[in-house]
1. Based on the mean of other Cβ atoms within 10 Å per residue, sort peptides 112-118, 69-75 so the most packed one is first.
2. For Lys139, give me every one of the lysines with a C-alpha distance below 16 angstrom, ignoring sequence neighbours fewer than eight places off in its own chain.
3. ³J(HN,Hα) across the stretch 55-71 via Karplus (A = 6.51, B = -1.76, C = 1.60, θ = phi - 60°), whole Hz, x for Gly/Pro?
4. Could you state the accessible area per residue of the chain in Å², with a 1.4 Å probe and every protein chain left in place?
5. Bin by bin, in steps of 5 Å, what percent of the Cα pairs in the chain do you find, going until the bin that has the longest distance?
6. With the crude spin-label approximation of a point 7 Å out along Cα→Cβ, what separation in nm comes out for Val8 versus Ala135?
7. Leaving ligands, DNA and RNA out of it, rank Cys36, Cys109, Cys15 by accessible area with a 1.4 Å probe, largest first.
8. For the chain, what % of the accessible area comes from carbon and sulfur atoms, probe 1.4 Å?
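The values are calculated or read from the model by the stated rules, or taken from the named source; none is laboratory data. This structure is a prediction, so every number in the text was calculated from the model and none was measured. Cβ atoms come from the backbone with ideal geometry, glycine included; neighbour counts cover every protein chain shown. Remember, those area values only see protein heavy atoms, side chains included, never the ligands or the DNA or RNA. Shrake-Rupley method; radii C 1.70, N 1.55, O 1.52, S 1.80 Å.
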Amino acid sequence: QLAQKHKVLLLYGDCHAHMIEVAEQDNVARVQGSNCIEIILGKDRYREIRRRKSFVLLDEWAQRWQEVFSKQLGFNQETARQFMPEHHNELLFLDNGSNPIPTELLDECAQFCGLPWRVEKTDFHPLFENILTAAEELKV
């Protein structure tokens, strides 16, 4: 339970087991989106990426792709090459221009997964709109 004297804006998806209960409190507003990619890109763009069966890599995940795939997702190269192409057509790196594109890491990850990769430029406009919309709820 969050202190009622504070207004809280949650920048969080459904990744946490009790996020819905926290967001139902009167002094809390939450951005719209089931996960970080939908929160950042907006619902329509996220749906388009899902239809394309793209596995999205933000810079942070691309920098530590080995840890993500091996430790967090539990893949070795054999299981990654079986699973990933069954469910995804590509690795999609979202480039927001803040860092150089990690082409060498993307090559390694693509080799590990057996998928091609591509880069798509993006900005944070949908994220900013999402935050502003949620913040409006707190003005009441």
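1. 112-118, 69-75
2. Cα-Cα hits under 16 Å: Lys5, Lys7.
3. Values, residue by residue: 9, 8, 10, 7, 4, 4, 6, 5, 5, 10, 4, 4, 5, 4, 6, 7, 7 Hz.
4. Per-residue accessible area for the chain comes out at 64 Å².
5. 2, 9, 17, 18, 17, 14, 10, 7, 4, 2, 0
6. 1.9
7. From most exposed to least exposed: Cys15, Cys36, Cys109.
8. On the way: 4680 of 8900 Å².
Answer for the chain: carbon and sulfur cover 53 percent of the accessible area.
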